[in-house]
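Below is one structure, written out as structure tokens; comments come after it.
The values are calculated or read from the model by the stated rules, or taken from the named source; none is laboratory data. If you're wondering where the values come from, they're calculated on a predicted model, not measured in any experiment. Cβ placement follows ideal geometry from the backbone for every residue including glycine, while neighbour counts extend to all protein chains displayed.
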Amino acid sequence: MFTILFWILSLLMLGSAVAVVLLRDPVSSAMCLVLSFLALAGLYITLDAFFIGIIQILVYAGAVMVLFLFIIMLLDLKAEVRRKFNLAALAGGSLVLGGFAILLTQVVKSLPSAAYPFPALAPGVPSDAVGVGTALFSGFNLPLQIIGVLLLVSTVGVVVLSRRTLR
Amino acid sequence: MPSFDLLFQPEIFLLWTSALKTAVILGIVLTMVAYSVWAERKVSAFIQDRVGPNRVGWAGLLQPLVDGVKLVLKENFVPSGVNKFFFSLAPALAFIPAVLVLAVLPFGSSLFEVPMVIANLDIGILWVFAVSSLGVYGIVLAGWSSNSKYPFLGGIRSSSQMISYEISLGLSVIPIFLITGTLNLGDIVKYQAEHGWMVFPVWTNGFDLSKLLLWIPMLISFVVFIIAMFAETNRLPFDLPEAEQELVGGYHTEYSSMRFALFFLGEYAAMIAGSGVIVTLFLGGWSLPFVPDGSQGWIWGLVNIATFFAKVAAVIFFFLWIRWTLPRFRFDQLMKLGWYVFFEVALANIFLTAVILLYFRS
């Protein structure tokens, strides 16, 4: 059953990712990107990576893309909708993309580890949230603290800066 | 009886019990949505010393049915110049996330040894936040696709408001996880059944200093969470996205008939789901002191379910009470409150909880 889900979600993800590029209306593009993120989150969840999947929805689909949409709507990009496709650029782009895809498959095929499926993630861990938490707080404690302080400083900085402009 | 044995195969059993639970919960919650509209009108009438709906049925109890018929029969008008695709998509996007939240809420302990939660996810509360953060798309897209300035302003306000208050919403529940050590909503309720409710830890087996000290951050969490929940569900005093006096109807100005009804019902469904989350996290979920859980007999399982929905109804009444008592905030006041007050309070609260826990562990 997970194989069927994999195909549905992959097709949905890739299809909406292509639509992000092809659609001329910025709002439609942004919504397709949201759909792509949701399908990617679904893929994570079929791999039992619930935590990563939900964080993908929470951070990217729920917060980052809302900000994107917010900015796109404020800018009201009408000129973008009227722009036609440049055929030469389209052909060149597909050529580069095709070459890259061929290269990628060659590289992956030549890897010895690509011949057999990956083992399941850490079988003894009760849930992947516990696994991620244990890894972050035992193995990567110092980097985590540094990133935490960095984020806190930037958040406090934003609050201070916006307060100054309000006066 | 081979056909009955088939029903009790583990996978098939999971399938049909989940389907049954989903159907029952959807039925209960949609009925609650209809009757919370009725309750809103009754409570507002009571607060303003009016009578309220009293013509259809006893005490106006059939009013939701009549409202529904009226909305279905109205013309589904689509103004010219709207983006038709997003205009029809937006009401559904506003309604669906509110209903999806219900999937992880433990609405009872267990009934005939079946756990009374549709999806017992280990990351339950993150699912709630993730799904409810998607609810903003319906409102933003409705505002944008209407191609009209008041809905647009409503949509813009809604997105900035929801993003601002999501932060305090998320931060305010972290102390709970620090105390319980789990993200699973069912386990959080079980913890509260054993150790006392988060905001009312009085009746428990053993009452010591650590519990008394942890009560303080829990109360702060509760206040921050409930206020952030008001902002997230666009309820007064934070209903800026649809402030009638400033924006006509806000994001749903251009909508009519069932599309409008979907927004309207979605708002109430979000309120019920939000009340469910508040009850689960802070008010002990299905637990009631001196009442055993469903493993002691099916009658107690039913009592637990009834307890959960009674608590939800009480929180909904609180939502209504606030709406008809407090005036609306100004938009800059709202943003200031979110960023300068609740964000810092929630952060400091996490620190306070961690310090208390550390002191009592060592």
Selection from segment B:66-105 of residues that are touching a residue at least 60 places away in the same chain (Cβ under 8 Å) and either in a loop (DSSP other than H, G, I, E, B) or in contact with a strand residue (DSSP E or B) (Cβ under 9 Å, 6 or more places away or on another chain) (or both): B:LYS74, B:GLU75, B:ASN76, B:PHE77, B:PRO79, B:GLY81, B:VAL82, B:ASN83, B:LEU105
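Given the condition out of contact with any His (no Cβ under 9 Å at 6 or more places or on another chain) and closer than 23 Å to B:LEU141 by Cβ, answer yes or no: does some residue in segment A:86-103 qualify?
Taking segment A:86-103 first, the residues out of contact with any His (no Cβ under 9 Å at 6 or more places or on another chain) are A:86-103.
Still in the running and closer than 23 Å to B:LEU141 by Cβ: none.
No.
Checking the conditions here, which among A:ALA88, A:ALA101 is surrounded by 10 or more Cβ atoms within 10 Å (Cβ to Cβ), farther than 19 Å from B:SER145 by Cβ and more than 14 Å from every other protein chain (Cβ to nearest Cβ)?
Working: A:ALA88 fails: surrounded by 10 or more Cβ atoms within 10 Å (Cβ to Cβ).
So the residue among A:ALA88, A:ALA101 that is surrounded by 10 or more Cβ atoms within 10 Å (Cβ to Cβ), farther than 19 Å from B:SER145 by Cβ and more than 14 Å from every other protein chain (Cβ to nearest Cβ) is A:ALA101.
I'd like to know if segment B:122-139 contains one or more residues that are under 18 Å from the mean Cα position of the chain (by Cα), touching a residue at least 12 places away in the same chain (Cβ under 8 Å) and in a loop (DSSP other than H, G, I, E, B).
Here is the first cut: in segment B:122-139, the residues under 18 Å from the mean Cα position of the chain (by Cα) are B:123-139.
Remaining after also requiring touching a residue at least 12 places away in the same chain (Cβ under 8 Å): B:123-129, B:131-139.
If we keep only those that are in a loop (DSSP other than H, G, I, E, B) too, we end up with B:123.
Checking segment B:122-139: at least one residue is under 18 Å from the mean Cα position of the chain (by Cα), touching a residue at least 12 places away in the same chain (Cβ under 8 Å) and in a loop (DSSP other than H, G, I, E, B).
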Applying the selection to segment A:10-40, what residues are farther than 20 Å from B:SER88 by Cβ, at pLDDT 90 or above and not aromatic (Phe, Trp, Tyr)? A:SER10, A:LEU11, A:LEU12, A:MET13, A:LEU14, A:GLY15, A:ALA17, A:LEU33, A:SER36, A:ALA39, A:LEU40
The one condition in (1) among the aliphatic types (A, V, I, L, M); (2) surrounded by fewer than 16 Cβ atoms within 10 Å (Cβ to Cβ); (3) in contact with an Asp or Glu (Cβ under 8 Å, 6 or more places away or on another chain) that B:VAL51 fails to fulfil: (3)
Consider segment A:9-61. How many of its residues are away from chain B (no Cβ under 12 Å), free of Cβ contacts under 8 Å to residues at least 12 places away in the same chain and surrounded by 17 or more Cβ atoms within 10 Å (Cβ to Cβ)? 1
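Name the residue that is nearest to the chain's Cα centre (by Cα), counting only residues in segment B:145-169 that are hydrophobic (A, V, I, L, M, F, W, C) and either surrounded by fewer than 24 Cβ atoms within 10 Å (Cβ to Cβ) or more than 10 Å from chain A (Cβ to nearest Cβ) (or both). Break it down into steps so the answer makes sense when it comes.
First pass over segment B:145-169, keeping only residues hydrophobic (A, V, I, L, M, F, W, C): B:152-153, B:156, B:162-163, B:167, B:169.
From what's left, either surrounded by fewer than 24 Cβ atoms within 10 Å (Cβ to Cβ) or more than 10 Å from chain A (Cβ to nearest Cβ) (or both): B:152-153, B:156, B:163, B:167, B:169.
On the way: B:PHE152: 25, B:LEU153: 25, B:ILE156: 22, B:ILE163: 17, B:ILE167: 17, B:LEU169: 12 Å.
Residue satisfying both the conditions and the ranking: B:LEU169.
Pick from B:VAL131, B:VAL136: which is at the interface with chain A (Cβ under 8 Å from one of its Cβ atoms), buried (at least 21 other Cβ atoms within 10 Å of the Cβ) and out of contact with any Pro (no Cβ under 6 Å at 6 or more places or on another chain)? Outline the logic, then answer.
Numbers: B:VAL131 fails: out of contact with any Pro (no Cβ under 6 Å at 6 or more places or on another chain).
Exactly one residue qualifies, and that residue is B:VAL136.
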